[in-house]
Structure formats: structure tokens, C-alpha cells
Amino acid sequence: MTKLTFNDLGLKESLVKAIDDLGFTTPSPIQAEAIPVAISGNDIIGQAQTGTGKTAAFGLPMINNLKIKNAIGSIILAPTRELAIQVHDELVKLTKYEKLNIVAVYGGAPIHLQARDLKRANIVVGTPGRVLDHIRRGNLPLSSVEFLVLDEADEMLNMGFIDDMEEIMKSIPDERQTLLFSATMPPQIKKLSKKYLKEDAQHIVIARKEMTGSTIKQNFFEVNGTQRLEALCRLIDFDNPSAGIIFCRTKKGVDDLVAAMQARGYMVEGMHGDMSQIQRMKTLAKFKNGSLKFLVATDVAARGIDVDGVTHVFNYELPQDIESYVHRIGRTGRAGREGTAYSIITPKEFGFLKQIKNVTKGNIEKGNVPTVQEIYNAKFKLMANEVASIIEAEDYSKFVDVATQLTENHDSVKVIASLLQSQFKNQLSFDYSSDKLETPKSSKENDVRLFFSAGRRDGLTIKTLINYIKNNAKVGASQIRDIDIMENFAFVNVDNTIHKQVLEKCTGGKINKRRVNVEVSTNNKKRRSNSRKKAQ
């Protein structure tokens with residue numbers, strides 16, 4: 001079967017030439033499906049994950065069909081500054097042979113300078129808040145807008161931009177073409193698309209198997225909570241990543257981890273929403289040029305980070321939801337390359353990891369945190385390979401005289417061993433006190449098993465049940481553990497501290513039109529009763 005090329009998608013010659021200059025020949029699945037539909041003039045709902053080529057999927061047909069050349073013809077909304085900048089930079093490359101001005105607008109940058117640049121803009125990329133600010137100030141005229149693009153619509157929803165998005169969509173002429181892209185389709189995004197997109201809008205979905213990254217090796221490591229940092233350092237010292245992104249849940253978590261790692265000599269900096277735009281851009285630039293080996297970030301700050309050569313992603317803490325896990329690991333293994341994703345978890349988080357595995361259909365295997373001896377052996381191997389490479393390249397002439405003098409006065413094996421020791425003493429940053437980390441104790445005794453009166457026949461899935469509990473009981477997904485869905489009912493393990501809350505808030509609600517009853521399961525009652533008897 002002949003492979004599809006960009007020449008086959010109906011794009012004009014200047015765009016195909018720009019793509020060719022970038023070294024791309026074969027469109028990704030979302031590009032192959034979305035570009036011809038968008039060129040034909042249809043509105044699009046594109047469902048695909050970050051890293052699948054969405055920018056070109058909406059950018060190429062938009063540039064191809066843009067008629068207005070002396071005013072603002074396109075507005076693209078993105079959830080974060082970083083993503084807005086990334087989209088801007090990619091569009092600049094795609095418009096290499098076009099006479100178009102592309103301007104990025106976002107918070108944290110001087111608004112008067114953006115207003116000046118908007119006077120000559122043809123395409124505007126920006127965050128919803130700043131775009132709306134410019135519209136209200138009269139800096140961003142809308143009468144000529146032909147295209148509106150919503151990139152990462154679900155993330156804009158999660159960040160509370162839904163009202164800003166609606167106000168912008170209401171303000172732009174109805175004759176426009178709207179291209180909405182999102183990794184997931186929560187109810188509010190579906191409602192938004194139904195309200196503001198044309199009736200003949202086409203829904204393009206890239207199957208999850210295209211989105212989970214088969215080239216990414218996924219492992220988890222179970223440790224006690226106090227051992228997270230040491231486990232992370234052991235994994236880094238053993239694998240020796242070329243470049244890695246480390247994810248934390250909170251801004252404070254990022255700051256604390258960066259301080260701890262810097263104190264141990266790792267080349268690392270953090271990135272989160274409380275940092276200034278200039279600081280974040282400098283940090284990202286250092287990470288891109290290789291002067292920074294590790295970047296510690298929150299989920300929001302990492303949106304839009306597209307760096308070639310990221311070999312490892314570390315989930316220092318699991319994310320709040322399953323979609324964020326998919327987004328995180330998508331930072332490595334890009335463009336068909338191999339990548340590694342490691343998750344460091346405590347026993348309490350195992351149930352949530354199991355849910356991630358079930359929903360994403362990912363092969364997340366349990367790994368053993370390396371022992372100190374295994375780290376030493378890995379370092380020895382690297383050093384031996386490096387020495388062998390220098391010998392093969394005969395790149396040692398400057399040191400022959402010193403080597404000759406040393407071997408005349410000392411045994412040659414002792415000389416080599418001493419030189420290796422002097423090099424190796426700087427190889428480990430963490431002061432490992434024991435060869436092996438202690439095995440954590442199971443947390444299952446602290447779980448309460450709940451019975452839900454809905455099952456597969458009611459259309460119940462793991463994801464549906466997690467969202468139902470999260471939304472009604474207002475609890476974190478990591479507090480919801482082992483889920484077993486039967487034909488007519490389901491069982492869920494939840495943390496003991498929240499089980500009463502789940503019982504109270506989830507009983508009486510509806511899942512897919514079926515009213516749900518929730519109670520502590522009989523087996524759980526018996527187990528807890530037996531435990532009390534033994535204690536007596």
C-alpha cells in the first residue's frame with residue numbers, strides 16, 4: 001500500500017515546500033484525517049493527544065485557506081503561555097513562503113508591546129484571558145476573522161477558561177470556520193462544540209492505540225513515602241538519562257524537589273505558574289540547549305513543552321487524573337523514538353496506578369529500585385566503554401608521558417584502578433546509607449471496600465465510576481483504588497478517611513440514568529469485624 005504524503009492532502013505548493021524543508025514527508029494520523037476536511041471548509045472536532053501533530057493539523061489548512069492578508073484573519077486559543085509560544089513558533093516555520101505576520105499574546109508580557117504588534121497581525125495565538133483583554137481594549141478587531149482554533153480545549157476548561165472561551169466565541173463572526181482540538185471530550189466541551197460549531201462539524205477521533213505511545217517503556221516503583229527522593233536519585237544514577245522531565249503535583253512540590261536535587265549536585269531547575277514568564281522562558285531555553293539536564297514541573301507548566309531528546313519522564317508524584325498521566329508520558333518517545341516513563345508510588349497509590357493501567361491499556365510493569373551495587377556496576381560499565389572508545393579513537397597522546405611515568409613507578413593495574421576511583425568518587429550525588437531500599441508495607445488494611453449497585457449492563461466503566469466518585473464526593477482519584485466491575489454491580493476500594501464521605505455523597509445519584517446505591521461491602525464488614533475480634 002502506498003504511503004500518504006502531504007502532497008496528497010490538497011495543500012498548496014508553498015506549504016508542501018515548507019513542510020519538506022522541515023524534513024516531514026508522511027502526515028500523522030490526525031493530520032491525514034483533519035487537513036482535507038478542514039480545507040473543504042468544515043468545522044472540526046479533533047480528538048487527539050498532545051504530541052500527535054495537532055498544530056500542523058489545524059495550522060496547514062488554516063494558512064492554506066486564509067483569504068484576508070491585510071487584517072487579523074485567524075485567532076488560536078491555547079491554555080498556557082508555553083503552548084501559545086510553541087504554536088506561534090511552529091506556525092512561523094509553516095509560513096516560511098507566505099507573507100503572513102503571526103503574533104503571540106499572553107499574560108506576563110507587556111500589553112502595550114503586544115498591542116503594537118497586533119496592528120500588523122494576520123494570525124493571533126494567545127491564552128484566553130489575554131486575548132479577551134485585547135478584544136475589550138479594542139486592540140484586536142474581529143470583523144475579518146475567518147478562523148477560530150481551540151487548542152487543548154479540555155485543558156482550558158480545567159484551568160477555568162470556559163467563560164472567557166465562550167465570550168470570545170460569541171464575539172467572532174458566525175461565518176468563521178471553527179477547529180476544536182482536545183485530548184478528551186468532557187460534557188462541557190461537547191456542549192460548547194454543539195453550541196458554537198456548525199451542525200455539519202466533523203468529529204475526528206484518533207484511536208487510543210495511536211495516542212499511548214507504544215515506543216514508551218513504562219515502569220512503576222513502589223516505595224515508602226519518605227523514600228521518594230532517594231528512589232528518584234537511584235533511578236537517575238542507574239539510567240543516566242540524557243534529558244528528563246520530573247513531574248510534581250504542586251508548585252511547592254516542585255520548589256522542594258528542585259532544592260533537594262540541586263543540593264546533591266544535579267543539573268536541575270523547576271517550572272511552575274508562580275514563576276515569571278521571563279524566568280520560565282530562560283529555564284526552558286536552557287533545557288532545550290542541553291545546559292540543563294532535568295526539568296521539574298507541574299502539569300500546567302509542562303503544557304506546550306516540546307523538546308526533542310527527552311529520554312525519561314519521571315512521575316515523582318502521580319497526577320490528579322488519568323488524562324494527565326497520558327499527557328505526561330507523551331513528553332518522551334516522540335516522533336517514533338524510544339522513551340522511558342517511571343512512576344514512583346507508595347502502596348496507597350497502587351490502586352490508582354491500576355486504574356491508569358486499565359483505562360490507558362498501557363503495559364506498566366513493576367520495577368525494582370536499583371541497589372547501590374547495581375548503580376556502581378552501571379557506572380563502571382559506562383566508564384569502561386568510554387575508555388574503550390578513547391583507545392579505539394587513539395585520542396590519548398597528551399597523556400602518554402604521564403601514563404608511562406606512573407607505570408614505571410607503580411603496578412599498571414593499580415594505576416588504572418586509582419584513576420578510575422578518582423573519577424568515580426564524583427559520580428554519585430546521593431549519600432546512600434544502605435545497598436537496598438526497604439520494602440514498603442501494604443496499605444490495604446486502611447482501605448474500605450464499597451458496593452455500588454451499577455455494573456456493566458448500565459454502561460459502567462472504570463473511568464465513568466472514578467469520575468462519578470470524584471465529582472460527587474469531591475475526593476482525589478488517588479484515594480480511589482481497586483475497582484472491580486461486574487455485570488450488575490461494582491466494588492471499589494477507597495481510603496478509610498474518605499469512605500463515609502463517598503457513602504453520603506454518592507448514594508442516590510445517577511450513573512447513565514441508573515440511580516445508584518452505595519454501601520460498605522459485606523466482605524469488608526466481615527474482615528473489619530474479624531480484625532477487631534483478634535485485637536480483643
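Here Phe451 meets each of (1) modelled with pLDDT of 85 or more; (2) more than 19 Å from Thr507 (Cα to Cα); (3) among the aromatic types (Phe, Trp, Tyr) with one exception, condition (2).
Take the conditions (1) under 29 Å from the mean Cα position of the chain (by Cα); (2) under 30 Å from Val307 (Cα atoms); Ile111 misses just one of them, which is (1). Screening the candidates Asp174, Asp164, Asp151 for the property of being under 20 Å from the mean Cα position of the chain (by Cα) and modelled with pLDDT of 85 or more yields one hit, Asp151. Exactly one residue among Lys195, Lys252 is over 18 Å from the mean Cα position of the chain (by Cα), among the charged types (D, E, K, R) and over 30 Å from Glu438 (Cα atoms), and that residue is Lys195. Within region 300-359, if we keep just the residues that are in contact with a Pro (Cβ under 7 Å, 6 or more places away or on another chain), at pLDDT 80 or above and part of a loop (DSSP other than H, G, I, E, B), the residue that is farthest from Glu222 (Cα to Cα) turns out to be Thr311. Against the test of being surrounded by 19 or more Cβ atoms within 10 Å (Cβ to Cβ) and either outside the structural domain of Ala57 (by TED's automatic domain parsing) or charged (D, E, K, R) (or both), the options Glu175, Glu166, Glu199, Glu152 yield a single qualifying residue, Glu152. For region 360-373, give me each residue that is part of a helix (DSSP H, G or I) and either more than 23 Å from the chain's Cα centre (by Cα) or of a type in the set (A, V, I, L, M) (or both). Passing the criteria: Val372, Gln373.
Every residue, every condition in (1) surrounded by 20 or more Cβ atoms within 10 Å (Cβ to Cβ); (2) without any contact (Cβ under 8 Å) to a residue 60 or more places away in the chain, yes or no:
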| residue | (1), (2) |
| --- | --- |
| Lys3 | no, yes |
| Leu11 | yes, yes |
| Ala34 | yes, no |
| Ala38 | yes, no |
| Ala84 | yes, no |
| Asp89 | no, yes |
| Lys96 | no, no |
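Exactly one residue out of Gln202, Gln218, Gln262, Gln188 is free of Cβ contacts under 8 Å to residues at least 24 places away in the same chain and of a type in the set (S, T, N, Q): that is Gln262. A count restricted to region 53-78 and to residues that are in contact with an Asp or Glu (Cβ under 8 Å, 6 or more places away or on another chain) and surrounded by fewer than 22 Cβ atoms within 10 Å (Cβ to Cβ) stands at 4. Given the residues Ser422, Ser429, Ser433, Ser521, which is the only one that is at pLDDT below 85, within 30 Å of Leu382 (Cα to Cα) and in contact with a Lys or Arg (Cβ under 7 Å, 6 or more places away or on another chain)? One residue alone meets the criteria, Ser429.
Looking only at residues in region 91-139 that are within 19 Å of Ile63 (Cβ to Cβ) and of a type in the set (Lys, Arg), which one is modelled with the lowest pLDDT? This residue is Lys99.
If I filter region 102-118 for residues that are in contact (Cβ under 8 Å) with a residue 60 or more places away in the chain, in contact with a strand residue (DSSP E or B) (Cβ under 7 Å, 6 or more places away or on another chain) and either exposed (fewer than 14 other Cβ atoms within 10 Å of the Cβ) or of a type in the set (A, V, I, L, M, F, W, C) (or both), do I get at least one hit? Checked region 102-118: no residue is in contact (Cβ under 8 Å) with a residue 60 or more places away in the chain, in contact with a strand residue (DSSP E or B) (Cβ under 7 Å, 6 or more places away or on another chain) and either exposed (fewer than 14 other Cβ atoms within 10 Å of the Cβ) or of a type in the set (A, V, I, L, M, F, W, C) (or both). Only one of the numbered conditions (1) surrounded by fewer than 23 Cβ atoms within 10 Å (Cβ to Cβ); (2) closer than 13 Å to Ile72 by Cα is not met by Leu140, and that is (1).
Counting only helices (runs of 4 or more DSSP H) wholly contained in region 1-91, the ones carrying 1 or more residues that are under 22 Å from Pro141 (Cβ atoms) occupy 54-65. Residues that are charged (D, E, K, R) and within 26 Å of Ile305 (Cβ to Cβ) were ranked within region 327-364; the one that is surrounded by the most Cβ atoms within 10 Å (Cβ to Cβ) is Arg331. Entry remark, region 92-131: residues being part of a strand (DSSP E or B) and of a type in the set (A, V, I, L, M, F, W, C) number 7 in total.
Scanning region 239-276 for residues that are crowded, with 18+ Cβ neighbours inside 10 Å, in contact with a helix residue (DSSP H, G or I) (Cβ under 6 Å, 6 or more places away or on another chain) and outside any loop (DSSP other than H, G, I, E, B) gives Phe247, Val268, Glu269, Gly270, Met271.
Per the conditions (1) assigned to a helix (DSSP H, G or I); (2) crowded, with 22+ Cβ neighbours inside 10 Å, the sole criterion not satisfied by Tyr376 is (2).
Cβ-Cβ contacts under 9 Å between residues 6 or more apart (or on different chains), taken from a first residue in region 380-409 that is without any contact (Cβ under 8 Å) to a residue 40 or more places away in the chain to a second residue that is of a type in the set (Asp, Glu) and surrounded by 10 or more Cβ atoms within 10 Å (Cβ to Cβ), are listed as Ser389/Asp395. None of Glu374, Glu394 is modelled with pLDDT of 90 or more and out of contact with any Gly (no Cβ under 8 Å at 6 or more places or on another chain) except Glu374. When Val475, Val494 are checked against the criterion of being in contact (Cβ under 8 Å) with a residue 40 or more places away in the chain and in the same structural domain as Val448 (by TED's automatic domain parsing), a single residue qualifies: Val494.
The values are calculated or read from the model by the stated rules, or taken from the named source; none is laboratory data. Please read all numbers here as calculations on a predicted model, not as lab measurements. Every residue, glycine as well, gets a Cβ built from its backbone with ideal geometry; the counts of neighbours run over all protein chains shown.
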